[in-house]
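Questions regarding the structure given below will be posed in turn.
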Amino acid sequence: MSLEQEIMTRLKEAMKSKDEDALRSLRAIKAEIIKAKTEAGSGGVITEDGEIKLLQKMAKQRKDSLEIFEQQGRTDLAAKEKAELSVIEQFLPEQLSEEKLKEIIQDIIKETGASSAADMGKVMGIATKKLAGKADGKAISTQVKALLQ
């Protein structure tokens, strides 16, 4: 089942159960899918990788907003962002643990022969492609920086 079909099914369930948080989140995902499908050059289809990137982008937006709302003491808005984030994360592949992420990045560093922070771009390029959907870009960057020091 494609992401779009799964979203529609979950949207109907959320409407029946009157789950406002799920409805808001699922509608946002549906809108992003429609926007991606109607972009020039998309041909009216979105690939599985495109779906994952779209969901990751939405999750990152929610995390950033959540952080800002918590800093400003806006617990009402922070709660909404948390609820939306939890719904979006249900559709993302399981994220790697910190240990597993570190292990994979160490392997990439060995493969590339990177030895200093100057080689960070080389490692990041390979790591972001290899770990797409499995780890957050910020987490990858943090691990690479720590390992190349």
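The values are calculated or read from the model by the stated rules, or taken from the named source; none is laboratory data. Values in this document were obtained by computation on a predicted structure and should not be read as measured data. Note that each Cβ is placed from the backbone with ideal geometry, even for glycine, and that neighbours are counted across all protein chains shown.
Quick check, is Glu70 of a type outside the set (Gly, Ala, Ser) and without any contact (Cβ under 8 Å) to a residue 60 or more places away in the chain? Break it down stepwise before answering.
Values: of a type outside the set (Gly, Ala, Ser): yes; without any contact (Cβ under 8 Å) to a residue 60 or more places away in the chain: yes.
Spelling it out, Glu70 is indeed of a type outside the set (Gly, Ala, Ser) and without any contact (Cβ under 8 Å) to a residue 60 or more places away in the chain.
State which residue pairs qualify: first residue in contact (Cβ under 8 Å) with a residue 40 or more places away in the chain and more than 8 Å from Arg62 (Cβ to Cβ) and inside the range 79-90, second residue surrounded by fewer than 19 Cβ atoms within 10 Å (Cβ to Cβ) and of a type in the set (Asp, Glu) in any location, beta carbons under 7 Å apart, and separation of 6 or more residues or different chains.
Ala83/Asp21; Val87/Asp21
Would you call Gly73 modelled with pLDDT of 90 or more, part of a loop (DSSP other than H, G, I, E, B) and out of contact with any strand residue (DSSP E or B) (no Cβ under 7 Å at 6 or more places or on another chain)? Break it down stepwise before answering.
Details: modelled with pLDDT of 90 or more: yes; part of a loop (DSSP other than H, G, I, E, B): yes; out of contact with any strand residue (DSSP E or B) (no Cβ under 7 Å at 6 or more places or on another chain): yes.
So Gly73 fits the description; yes.
Name every residue in the range 35-59 that is within 29 Å of Ala139 (Cα to Cα), β-branched (Val, Ile, Thr) and not in a loop (DSSP other than H, G, I, E, B), in order of residue number.
Within the range 35-59, just Ile52 meets the criteria.
Considering the range 80-99 alone, what residues qualify as being surrounded by 13 or more Cβ atoms within 10 Å (Cβ to Cβ) and either in contact with a Phe, Trp or Tyr (Cβ under 9 Å, 6 or more places away or on another chain) or in a helix (DSSP H, G or I) (or both)?
Lys80, Glu81, Lys82, Ala83, Glu84, Leu85, Ser86, Val87, Ile88, Glu89
Here is a further query. Check Ala14 against each of (1) touching a Ser or Thr at 6+ places or on another chain (Cβ under 9 Å); (2) modelled with pLDDT under 90; (3) at negative phi and name the one condition it does not meet.
Single failed check for Ala14: (2).
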